[in-house]
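Single-structure report; data block below.
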Amino acid sequence: MIGAAIERLKHNRQHVWRQKRMTEVVARTGLRDGVRILDIGGTPDMWQHLSVKADITLLNLPDAPELYARDLNGYSMIEADFAADDFILDQRWDFAFCNSVLEHVPDPRRRQRFADTLQKVAPAWWVQVPAPGFPLEPHCHMPGWWHYPDALKQRLITYWRHNGKEFRADQMTTTVAIELTELQTLFPDGEIFTETVAGFTKSWSAFKPLDQTTA
């Protein structure tokens, strides 16, 4: 019951948080009309709050859940594993965007390749990760998740898997905590934006502004 209440609260606030985040993205990176954007792991929902007219390409794994049931009119689509498929390296965009995806790449070597590829395909970018210290874990909605002993985490994952929450179980099996120091190491040329909610750090974003001569 508590978990369901937390999910409803998150759903009700999601559009507000996304709108504020997109406002920060535009203000801090200089996005403007006509820019070509690659959204890695994203959906059209995020871009409802964009205040400029952009050419947006969504890149997702071929089995991305629920994505193809949405209205993709006005968006280009690429099916690929961004951390593995070489053909991505031959393409270019003005701006790369990645919101709450990097923590779903559990292998550190793949995270490094992910970051290297992102910085190669676009000269400007915004990469957001949730802060592990935020009181509520955003994927499983459990308070203080990253402080639980591994054995307790595994018991909860097993419980979810056998009680109709297979997606949550699968997601939390491979989700890792990304600390600010790692984000800065992966994106050494980036500035850092810290998002706070109720005085707590909710997320960090590494970003590089758009060159005014670009696009």
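FYI, it's all coordinate maths here, none of it is from the lab. Here the structure is a predicted model, which means the values were calculated and not measured. Here the Cβ is made from the backbone with ideal geometry for all residues, glycine too, and neighbour counts use every protein chain on show.
Compute the helix-to-body angle for 108-121: its Cα long axis versus the longest principal axis of the chain, expressed 0 to 90° and rounded to tens.
20
Quick one: length gained pulling Asp116 to Leu72 fully straight, 0.36 nm per residue minus the C-alpha distance?
That pair, Asp116 and Leu72, stretches by 13.0 nm at full extension.
Of the DSSP beta bridges with both residues in the stretch 38-147, give the percent that are antiparallel, rounding to the nearest 5.
For the stretch 38-147, the DSSP antiparallel bridge percentage is about 5.
Based on DSSP, what percent of beta bridges with both residues in the chain are antiparallel, to the nearest 5?
Roughly 45 percent of the DSSP beta bridges within the chain come out antiparallel.
Local charge sum around Val26 (other residues, Cβ-Cβ under 13 Å, Lys/Arg +1, Asp/Glu -1)?
Its environment carries a net charge of +4.
Determine the gain in length on full extension of the stretch Leu61-Tyr148; use 0.36 nm per residue of separation and subtract their C-alpha separation, reporting nm with one decimal.
Extending this stretch completely gives an extra 28.3 nm.
To the nearest 20 Debye, how big is the dipole of the chain about its Cα centre, given +1 on the beta carbon of each Lys and Arg and -1 on that of each Asp and Glu?
660
May I ask for the angle, rounded to the nearest 10°, between helix 2-29 and the longest principal axis of the chain, with both axes built from Cα atoms and the value confined to 0 to 90°?
The angle comes out at about 20 degrees.
Would you mind pulling out the separation of the Cα centroids of the stretch 125-190 and the stretch 72-105, in Å?
A separation of 21 Å, based on Cα centres.
Based on DSSP H runs of at least 4 residues, each adding -39500 (n - 2.57), what is the mean residue ellipticity at 222 nm of the chain after dividing by all its residues, to the nearest 500 deg cm²/dmol?
The helix-only estimate for the chain comes to -11000 deg cm²/dmol at 222 nm.
May I ask for the net charge around Ile37, where only other residues with Cβ less than 9 Å from the Cβ of Ile37 are counted and Lys, Arg are +1 while Asp, Glu are -1?
Values: positive: Arg36; negative: Asp39, Asp55, Asp94.
So the surrounding residues net to -2.
Output wanted: per-residue J couplings in Hz (rounded whole) for the stretch 32-40, from phi through Karplus 6.51 cos²θ - 1.76 cosθ + 1.60, θ = phi - 60°, x for Gly and Pro.
8, 4, x, 6, 9, 10, 9, 9, 8
Positive end of the charge dipole of the chain (Lys, Arg +1 and Asp, Glu -1 on Cβ, about the Cα centre): tell me which of Ile37, Cys98, Val121 has its Cα farthest that way.
The residue sitting farthest along the positive end of the dipole is Cys98.
Ranked by Cβ crowding within 10 angstrom, fewest neighbours first, how are Phe167, Phe134, Phe97 ordered? Each step should come with its number before you reach the end.
Details: Phe167 13, Phe134 20, Phe97 31.
So the residues, fewest neighbours to most, are Phe167, Phe134, Phe97.
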